[in-house]
Protein chains: 2
Amino acid sequence: MLGNFSYSNPTKLYFGDDAISFLKDELKNYGSRVMLTYGGGSIKKNGIYDEVIKALKDAGKEVFEDPGVMSNPTVQKLYEGCRIAKDNDVDLILAVGGGSTIDYAKAVSVSAWCEEDPWDKYYLRMEDVDNRIIPVGSVLTMVGTGSEMNGGSVITNHEQKKKIGHVFGDNVMPKFSILNPKYTFTVLKYQMVAGIYDIFNHICEQYFSGEDDNTSDYLSEALMKSVIHASRIAVKNPEDYEARSNLMWAATWALNTLISKGKTTDWEVHMIGQAIGAYTDATHGMTLAAVSLPYYRHIMPYGLPKFARFAKEVWGIQTEGMGDEAAAEAGLAAMEAWMKEIGVVLSAKELGVTEDMLEGIADATFLLEGGYKTLSRNEVIDIVRASM
Amino acid sequence: MLGNFSYSNPTKLYFGDDAISFLKDELKNYGSRVMLTYGGGSIKKNGIYDEVIKALKDAGKEVFEDPGVMSNPTVQKLYEGCRIAKDNDVDLILAVGGGSTIDYAKAVSVSAWCEEDPWDKYYLRMEDVDNRIIPVGSVLTMVGTGSEMNGGSVITNHEQKKKIGHVFGDNVMPKFSILNPKYTFTVLKYQMVAGIYDIFNHICEQYFSGEDDNTSDYLSEALMKSVIHASRIAVKNPEDYEARSNLMWAATWALNTLISKGKTTDWEVHMIGQAIGAYTDATHGMTLAAVSLPYYRHIMPYGLPKFARFAKEVWGIQTEGMGDEAAAEAGLAAMEAWMKEIGVVLSAKELGVTEDMLEGIADATFLLEGGYKTLSRNEVIDIVRASM
């Protein structure tokens, strides 16, 4: 815990198979005009839409619908949402969906009353918010991003081939989030597995950095172990409530700032993954999975002790007497075996990446400091190519 | 994660060797009349008092001093604090000290404007707070109780031989807490070690309960491992900043509700320890240490798989092929060795417990459900006697 930092998180969470019953009480804290934001309409098939509408009606709210949020929310959709929010002067944005929908709701929250182009101000230039913010609440239906308890918001501009995430402050985090593990049962297996790997990689990004001895690293190992254990159950039986609930809870704590406290972090896998996303529109978690093994094998020599610790503490490998390098390799081999077991995509080609995209993907990749090695543009190309 | 629950924590934390610099900004959120609550005056020797007074003066506050909070804050002191707070109509209680001082500040916070006897209403009857609450902020100088980020408040009534903790809601938690690990350097080693065991036992109380597979248990193991590791460094070198900072951070997260989410908890060691405290005025953490091993060895047969897991995951014992019972015993033996290594008190006699107190201690001990076994009154006597 060597750095100075502050911690606060204002999001109130309601967790469990009865969590929706608290929505009515939470709604009392806001005015009568609610924008209801959701994705492609799956919530109408599985009954969640009806439950939410009932709570809104019981609370006497006027509802302004904003459906159609795509898995990689676009800047065009953002402009559309801003118009709905502003024209109707909404008091609350209620996002019902996964990370994409909640990320998008935060984007509308800060952008609706922004007098400039919000893409330029809040994504390209990453400025602080200085205009009116519309409060956001969420009902989570897909697990992975942690967007339900953080300030993160990723928006994609296909024209500019850019997918950019801005981590906003406390005032943009959801005021409340409803977490019912059963709401995730109907998520397609491909999406569930992508979400599982997204959680795991969020932890890796914060874990594989820094050389100090830090409580945050122990907490990261705990979350990784819980995710690995629960994922093995969930891929066999997606309706195992305990496994899905552990995944949901671990996802929230994997990316609400706790496990990064007092240490440096990496995030380069996300940078490459987001660049791939901007080019292919592939599912976020799978873009991370496709580049992770080449990336971690590439940086492993620069953070050997941590990779050796990962093998021992996360994968339970008896590393005594092995030497750091062999231990580190064994840890990544165990990670690879687990990734194959749960069925993530390990090939960028399978996600639609072609040789002629590589230069563009490298250009679209932010090269961050903070991890064990700062990549060059050419190393990004090598890593993506190694996944093809 | 089988239960339904909610989570929110409004406390803002400032952590690091420069954390006090944020006090001035926080003070802007409150009126001009500040009650400054502290203990026996050690903060005047180590310079913390001067730093705090400077921040208060720079912020233009009028300060009402309330010194002399004892290690087990008494109900008489509470009445005195209530008079100071009410007579001066203070806008904020700033507690500078360890858990005792912060616990006491919360007690004054809810009691000053209470129209009944607050001991009866908030401790004996544990009622919800329905009167005006004075906001509390804290500057932490001793690590262990987690009071800096929770609603807990333990008050002792020596006349009634009762030491009772009430866990108040979000609205009573500190609004902000300043956590500077260096502020803990001058704590006496006995107190530091007692605090370390207090942290560890808080985790045990939440871990040794329930049979489900729960993310909270993984997080508990992580915190225990971090505490064990850091404690070994801190007892050798109390000025090791990294070790003291990890202890400080782990203490906060050990008792801010996170690791109890979705599971049952025990808390019987605390019940017995508090009864001993009411009779002896012994240091809280040491009362827990003195009864822990007899207690856990007594309940071990009722929660064997968890104790076996504890041996493997927390103490790194190779338990394969051992059988649960042998593994569980090995785990508690490792815990005992660690307790001796860091120098906690293992004998209730050493804390001042005498044979003629045993009946009274048993009477003063709340018998809780929630752990692996609900004790009888006689079992409490057996456990305390085993520590003598």
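Here are a few things to note about the model shown:
- Every listed requirement among (1) modelled with pLDDT of 95 or more; (2) part of a loop (DSSP other than H, G, I, E, B) is met by B:Met388 save one, (1).
- For the range B:292-316, the set of residues classified as more than 27 Å from B:Asn378 (Cα to Cα), surrounded by fewer than 22 Cβ atoms within 10 Å (Cβ to Cβ) and of a type in the set (D, E, K, R) consists of B:Arg309, B:Lys312, listed by residue number.
- Scan of the range B:127-180 for residues that are among the small types (Gly, Ala, Ser) and part of a loop (DSSP other than H, G, I, E, B), ordered by number: B:Gly144, B:Gly146, B:Gly151, B:Gly169
- Selected residue (criterion: nearest to B:Lys261 (Cα to Cα)) from residues of the range B:200-241 that are of a type in the set (S, T, N, Q) and touching a residue at least 60 places away in the same chain (Cβ under 8 Å): B:Ser216
- Counting the residues of the range A:201-218 that are of a type in the set (Gly, Ala, Ser) and within 10 Å of chain B (Cβ to nearest Cβ) gives 1.
- Within the range A:104-126, the set of residues being without any contact (Cβ under 8 Å) to a residue 60 or more places away in the chain, in a helix (DSSP H, G or I) and not small (Gly, Ala, Ser) comprises A:Pro118, A:Trp119, A:Asp120, A:Lys121, A:Tyr122, A:Tyr123, A:Leu124.
- Residue check for A:Ser260: small (Gly, Ala, Ser) and closer than 30 Å to B:Thr257 by Cβ: yes
- Screening the range B:1-103 for strands (runs of 3 or more DSSP E) wholly inside it with 1 or more residues that are within 14 Å of chain A (Cβ to nearest Cβ), closer than 30 Å to A:Met248 by Cα and of a type in the set (A, V, I, L, M) returns the ranges B:5-15.
- Assessment of the range A:358-366 against the conditions (assigned to a helix (DSSP H, G or I) and more than 25 Å from the chain's Cα centre (by Cα)) yields at least one matching residue.
- Criterion (of a type in the set (Gly, Ala, Ser) and out of contact with any Pro (no Cβ under 9 Å at 6 or more places or on another chain)) met by exactly one of A:Ser21, A:Ser8: A:Ser21
- Residue in the range A:349-356 that is under 18 Å from A:His202 (Cβ atoms) and within 22 Å of the chain's Cα centre (by Cα) present: no
- Among the criteria (1) within 14 Å of another protein chain (Cβ to nearest Cβ); (2) over 18 Å from A:Ala282 (Cβ atoms); (3) free of Cβ contacts under 8 Å to residues at least 60 places away in the same chain, the one A:Ile178 does not fulfil is (3).
- Of the residues in the range B:256-266, at least one is away from chain A (no Cβ under 12 Å), buried (at least 24 other Cβ atoms within 10 Å of the Cβ), within 16 Å of the chain's Cα centre (by Cα) and of a type in the set (Asp, Glu).
Per-residue answers, yes or no, for (1) of a type in the set (Asp, Glu); (2) surrounded by 15 or more Cβ atoms within 10 Å (Cβ to Cβ); (3) in the same structural domain as A:Ala275 (by TED's automatic domain parsing):
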site: A:Asp324; (1), (2), (3): yes, yes, yes
site: A:Leu332; (1), (2), (3): no, yes, yes
site: A:Lys340; (1), (2), (3): no, no, yes
site: A:Ser347; (1), (2), (3): no, no, yes
site: A:Asp356; (1), (2), (3): yes, no, yes
site: A:Val380; (1), (2), (3): no, yes, yes
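- Taking the listed residues A:Ile196, A:Ile272, A:Ile178, A:Ile203, the one that is closer than 20 Å to B:Ala222 by Cα, in contact with a helix residue (DSSP H, G or I) (Cβ under 6 Å, 6 or more places away or on another chain) and of a type outside the set (Lys, Arg) is A:Ile203, with no other qualifying.
- Selection count, the range A:219-251, where residues are among the hydroxyl-bearing types (Ser, Thr, Tyr), within 9 Å of chain B (Cβ to nearest Cβ) and crowded, with 24+ Cβ neighbours inside 10 Å: 3
Every residue, every condition in (1) touching a helix residue (DSSP H, G or I) at 6+ places or on another chain (Cβ under 7 Å); (2) over 30 Å from A:Ser226 (Cα atoms); (3) aliphatic (A, V, I, L, M), yes or no:
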{"site": "B:Asn9", "(1), (2), (3)": "yes, no, no"}
{"site": "B:Leu13", "(1), (2), (3)": "yes, no, yes"}
{"site": "B:Ala19", "(1), (2), (3)": "no, yes, yes"}
{"site": "B:Lys28", "(1), (2), (3)": "no, yes, no"}
{"site": "B:Val34", "(1), (2), (3)": "yes, yes, yes"}
{"site": "B:Gly39", "(1), (2), (3)": "yes, yes, no"}
{"site": "B:Gly47", "(1), (2), (3)": "no, yes, no"}
{"site": "B:Lys54", "(1), (2), (3)": "no, yes, no"}
{"site": "B:Val63", "(1), (2), (3)": "yes, yes, yes"}
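- The sole residue among B:Ile164, B:Ile196, B:Ile155 that is in contact with a Pro (Cβ under 9 Å, 6 or more places away or on another chain) and touching a residue at least 60 places away in the same chain (Cβ under 8 Å) is B:Ile155.
- Test: residue in the range B:154-177 that is farther than 27 Å from B:Tyr79 by Cβ, buried (at least 24 other Cβ atoms within 10 Å of the Cβ) and in the same structural domain as B:Val96 (by TED's automatic domain parsing): no
- Across the range A:189-203, not a single residue is classified as crowded, with 24+ Cβ neighbours inside 10 Å and modelled with pLDDT under 95.
- Scanning the range B:57-95 for residues that are more than 27 Å from the chain's Cα centre (by Cα) and within 23 Å of B:Phe22 (Cα to Cα) yields B:Lys57, B:Asp58, B:Ala59, B:Gly60, B:Lys61, B:Glu62, B:Val63.
- Contacts under 6 angstrom Cβ, first residue in the range B:38-59 being not assigned by TED's automatic domain parsing to the domain that holds B:Val90 and of a type outside the set (A, V, I, L, M), partner crowded, with 16+ Cβ neighbours inside 10 Å and part of a loop (DSSP other than H, G, I, E, B), 6 or more apart: none
The values are calculated or read from the model by the stated rules, or taken from the named source; none is laboratory data. Keep in mind it's a predicted model, so treat the numbers as computed, not measured. In this analysis, Cβ positions are derived from the backbone assuming ideal geometry, glycine residues included, and neighbour counts consider all displayed protein chains.
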